[in-house]
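Student: Below are the structure tokens for one structure; questions will follow.
The values are calculated or read from the model by the stated rules, or taken from the named source; none is laboratory data. Since we're looking at a predicted model, the values are computed, not measured. So basically every Cβ, Gly included, is an ideal-geometry build from the backbone, and we count neighbours across all protein chains shown. These area figures cover heavy atoms from the full protein model, side chains too; ligands, DNA and RNA do not enter into them. Shrake-Rupley method; radii C 1.70, N 1.55, O 1.52, S 1.80 Å.
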Amino acid sequence: MKNIHQALVKSNLHSDIKISSPIALSALQNSYPSSAGSFRPELIEPVFKPMLNFLRQTGSFLMVNAYPFFAYESNTDVISLDYALFRENPGVVDAGNGLRYFSLFDAQIDAVFAAMSALKYDDIRLVVTETGWPSKGDENEIGASVENAAAYNGNLVRRILTGGGTPLRPKADLTVYLFALFNENNKVGPTSERNYGLFYPTEEKVYDIPFTVEGLKKYHDRRSPVAGNQPVNGGKGGVSKSTTGNTWCVANGEAGKEKLQAALDFACGEGGADCHSIQPGATCYDPNTLEAHASFAFNSYYQKNGRHMGTCYFGGAAYVVTQPPSAYSILLSLFNSAHIKLFSA
């Protein structure tokens, strides 16, 4: 990047042509909630600090490739399709800063902004160099369809042409590039990888979407059922998917005692979790460990709030599972039975 920039300087083109390099969201250690966005620790010193310094010195942009599809198809039990496709939805409140998000795209971009802010690079501008949604996928690639691809890209055009910044950066002037112009029919990998294009290789349109403010006036996306029904397993610290929709919130023992205790205090206090059963002498006091008590309190808070996104995070002190941990199975099943009306509602 520095060599290319120096070549531009020699030709006096460095003011007109900016150099950058795109990153994927996998470069983030945390992306949820957005306010907790951070870069992977092993990349900060050798990669991000030198690159962000270069971007700052040359007045360039950080390029980001963002694909809400990947997050959605791996977490369909906690991420709504409407939220992923920019459709009308009640929004998701970031527990870290209180901001409400109405699209997964905005939440992902703000996670990158938060990661840059954590390193004191608030002044770096951002451009989305790739985003899109596949029009076709394998059976386990839930949500990949022509209708959903048209909805995502069409509503994205509306979002960018009529929107503004993000909840965290409301004045940011977002530039976004759609991926891709054509389906890459010879590409290897999952079926989705060959079906991000607006056009087939024959130059026929895969679907119609507007690209101007005038065209948006007559645009309406068509809703369709979500295709596919295969579970995809998540990992610790993220979301483990469930074929039944039953999920629980448990403490992350790796978070450390200080973070667990602070989260437990919040859940049982301001959070309004029902913690009577884990008081000394109560039915669920044993096992008398911080992690066990925190799991009970976190799950109480999570179920009380309808298992909505963001209600099982606690600053990284908790995560979602699809099976109640064996040590607390009876405890949790008893607790969940008290919330059957909430779930059915």
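Student: Kindly indicate whether any position in the stretch 109-118 is in the same structural domain as Gly189 (by the TED database) and part of a loop (DSSP other than H, G, I, E, B).
Tutor: Residues of the stretch 109-118 in the same structural domain as Gly189 (by the TED database): 109-118.
Narrowing the set further to residues that are part of a loop (DSSP other than H, G, I, E, B) leaves none.
Checking the stretch 109-118: not a single residue is in the same structural domain as Gly189 (by the TED database) and part of a loop (DSSP other than H, G, I, E, B).
Student: Return the residues of the stretch 46-75 that are within 20 Å of Leu156 (Cα to Cα) and open to solvent by 20 Å² or more (accessible area, probe 1.4 Å); say none if nothing qualifies.
Tutor: Those that are within 20 Å of Leu156 (Cα to Cα) and open to solvent by 20 Å² or more (accessible area, probe 1.4 Å): Met63, Asn65, Tyr67, Phe70, Ala71, Glu73.
Student: Further, regarding this structure: Would you check which residues across the stretch 16-68 are hydroxyl-bearing (Ser, Thr, Tyr) and modelled with pLDDT of 95 or more and list them? Before the answer, list the steps.
Tutor: Looking only at the stretch 16-68, we keep the residues that are hydroxyl-bearing (Ser, Thr, Tyr), and these are 20-21, 26, 31-32, 34-35, 38, 58, 60, 67.
Within the stretch 16-68, Ser20, Ser21, Ser34, Ser35, Ser38, Thr58, Ser60, Tyr67 qualify.
Student: Right, something else. Hey, any hits in the stretch 166-184 for a residue that's part of a loop (DSSP other than H, G, I, E, B), within 25 Å of Lys218 (Cβ to Cβ) and more than 22 Å from the chain's Cα centre (by Cα)?
Tutor: So far as the stretch 166-184 goes, yes, one or more of its residues are part of a loop (DSSP other than H, G, I, E, B), within 25 Å of Lys218 (Cβ to Cβ) and more than 22 Å from the chain's Cα centre (by Cα).
Student: For the stretch 280-298, check the following and say yes or no: at least one residue is buried (at least 19 other Cβ atoms within 10 Å of the Cβ), at pLDDT 70 or above, in a loop (DSSP other than H, G, I, E, B) and over 29 Å from the mean Cα position of the chain (by Cα).
Tutor: yes
Student: Condition test on Gly154, is it in a loop (DSSP other than H, G, I, E, B) and either modelled with pLDDT under 95 or assigned by the TED database to the domain that holds Asn30 (or both)? Working first, answer last.
Tutor: Numbers: in a loop (DSSP other than H, G, I, E, B): no; either modelled with pLDDT under 95 or assigned by the TED database to the domain that holds Asn30 (or both): yes.
The answer is no for Gly154.
Student: So which helices (runs of 4 or more DSSP H) are wholly in the stretch 23-108 and hold at least 1 residues that are more than 20 Å from Glu141 (Cα to Cα) and in the same structural domain as Gly164 (by the TED database)? Before the answer, list the steps.
Tutor: Numbers: elements: 49-58, 68-74, 81-84.
Filter on the stretch 23-108 gives 49-58.
Student: Let me ask something else. Within the stretch 210-221, restricting attention to residues that are open to solvent by 90 Å² or more (accessible area, probe 1.4 Å) and either of a type in the set (A, V, I, L, M) or part of a loop (DSSP other than H, G, I, E, B) (or both), which residue is modelled with the highest pLDDT? Break it down stepwise before answering.
Tutor: Taking the stretch 210-221 first, the residues open to solvent by 90 Å² or more (accessible area, probe 1.4 Å) are 211, 214, 217-218, 220.
So of that shortlist, the ones also either of a type in the set (A, V, I, L, M) or part of a loop (DSSP other than H, G, I, E, B) (or both) come out as 211, 217-218, 220.
Details: Phe211: 90, Lys217: 81, Lys218: 81, His220: 77.
Only one residue tops the list, namely Phe211.
Student: Which pairs do you get when a residue that is within 15 Å of Ala71 (Cα to Cα) and open to solvent by 30 Å² or more (accessible area, probe 1.4 Å), found in the stretch 131-159, comes within reach of a residue that is part of a helix (DSSP H, G or I) and modelled with pLDDT of 95 or more, reach meaning Cβ atoms under 8 angstrom, with the pair 6+ apart or on two chains?
Tutor: Short answer, once both residue conditions are applied: none.
Student: In the stretch 174-209, what residues are open to solvent by 90 Å² or more (accessible area, probe 1.4 Å) and within 21 Å of Leu104 (Cβ to Cβ)?
Tutor: Tyr177 - this is the single residue of the stretch 174-209 that is open to solvent by 90 Å² or more (accessible area, probe 1.4 Å) and within 21 Å of Leu104 (Cβ to Cβ).
Student: Name the residue that is nearest to the chain's Cα centre (by Cα), counting only residues in the stretch 93-113 that are crowded, with 23+ Cβ neighbours inside 10 Å and farther than 19 Å from Asn155 by Cβ.
Tutor: Ala111
Student: Follow-up question, since we're still on this one. Do you know which residues across the stretch 1-22 are free of Cβ contacts under 8 Å to residues at least 24 places away in the same chain and part of a helix (DSSP H, G or I)?
Tutor: Asn3, Ile4, Gln6, Ala7, Leu8, Val9, Lys10 - these are the residues of the stretch 1-22 that are free of Cβ contacts under 8 Å to residues at least 24 places away in the same chain and part of a helix (DSSP H, G or I).
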